[in-house]
Amino acid sequence: MFWEYRNDTGRIERFLLRKDFPIFVIELNINTMHELSIAIHIADIIENEAIQAQAEKVTKVELEIGSMSGVEPAALELAVPEAFRGTMMEKAELVYHYIPASAVCQSCCHEFDPTWHFSICPHCNSSDTYFLRGKELNIKSFDIIKS
Ligand SMILES: [Zn+2]
């Protein structure tokens, strides 16, 4: 079952209504960090780029998702095909690269797996740490067929 909504730009946003995935019925703000808004945003970016490249269709999309990106993998993998439905990405092969988080301590240079967004160095207990990776949400690449 779907619920459709025409946004300010005239684009129809389509929402899959499920008991276990109810958040997007209420919240339509594209900046909100939930997976369907993110997926629609990804679809817009790829579609714009593909149109500029005179693509007829997009055959493959690769996404990079950090474990600390705030995106739930299962929800994203449900949302992306929904967001791509009716676009030139509809039949694209979807590849998700999940990237484990890694942080480094500025005090002792120890590299470690962070357990939370604000990480303490397990070696020297310093809070002066930063993420090397794990917060990314990238469109790694997409393949097109030109018209
Ligand atoms: Zn340290």
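The values are calculated or read from the model by the stated rules, or taken from the named source; none is laboratory data. Remember, it's a predicted structure, so these values are computed and weren't measured experimentally. Note that we place each Cβ from the backbone using ideal geometry, even for glycine, and neighbour counts take in every protein chain shown.
Out of the stretch 125-140, which residues are out of contact with any Leu (no Cβ under 9 Å at 6 or more places or on another chain) and more than 10 Å from the ligand (Cβ to nearest atom)?
Hits for the stretch 125-140 are Y130, F131, L132, R133, G134, K135, E136.
Could you please give the count of residues in the stretch 104-147 that are out of contact with any strand residue (DSSP E or B) (no Cβ under 8 Å at 6 or more places or on another chain) and touching a residue at least 40 places away in the same chain (Cβ under 8 Å)?
Number satisfying all stated conditions: 1.
Restricting to the stretch 89-103, name every residue that is aliphatic (A, V, I, L, M) and closer than 16 Å to E136 by Cβ.
The answer is V95, I99, A101, A103.
For the stretch 124-137, check the following and say yes or no: at least one residue is more than 23 Å from the chain's Cα centre (by Cα) and at pLDDT 95 or above.
There is at least one residue in the stretch 124-137 that is more than 23 Å from the chain's Cα centre (by Cα) and at pLDDT 95 or above.
Which members of the stretch 30-80 meet the condition of being assigned to a loop (DSSP other than H, G, I, E, B) and touching a residue at least 12 places away in the same chain (Cβ under 8 Å)?
Those that are assigned to a loop (DSSP other than H, G, I, E, B) and touching a residue at least 12 places away in the same chain (Cβ under 8 Å): M33, H34, A53, Q54, S67, M68, S69, G70, V71, E72.
Go through the stretch 71-129 residue by residue and tally those that are touching a Pro at 6+ places or on another chain (Cβ under 8 Å) and of a type in the set (A, V, I, L, M, F, W, C).
Within the stretch 71-129, residues that are touching a Pro at 6+ places or on another chain (Cβ under 8 Å) and of a type in the set (A, V, I, L, M, F, W, C) number 4.
So, in the stretch 82-124, of the ones that are surrounded by fewer than 16 Cβ atoms within 10 Å (Cβ to Cβ) and in a strand (DSSP E or B), which residue ends up farthest from the ligand (Cβ to nearest atom)?
The extreme case among them is E93.
Considering each of A74, A79, A101 in turn, give the residue that is out of contact with any strand residue (DSSP E or B) (no Cβ under 9 Å at 6 or more places or on another chain) and at negative phi.
On inspection, the qualifying residue turns out to be A74.
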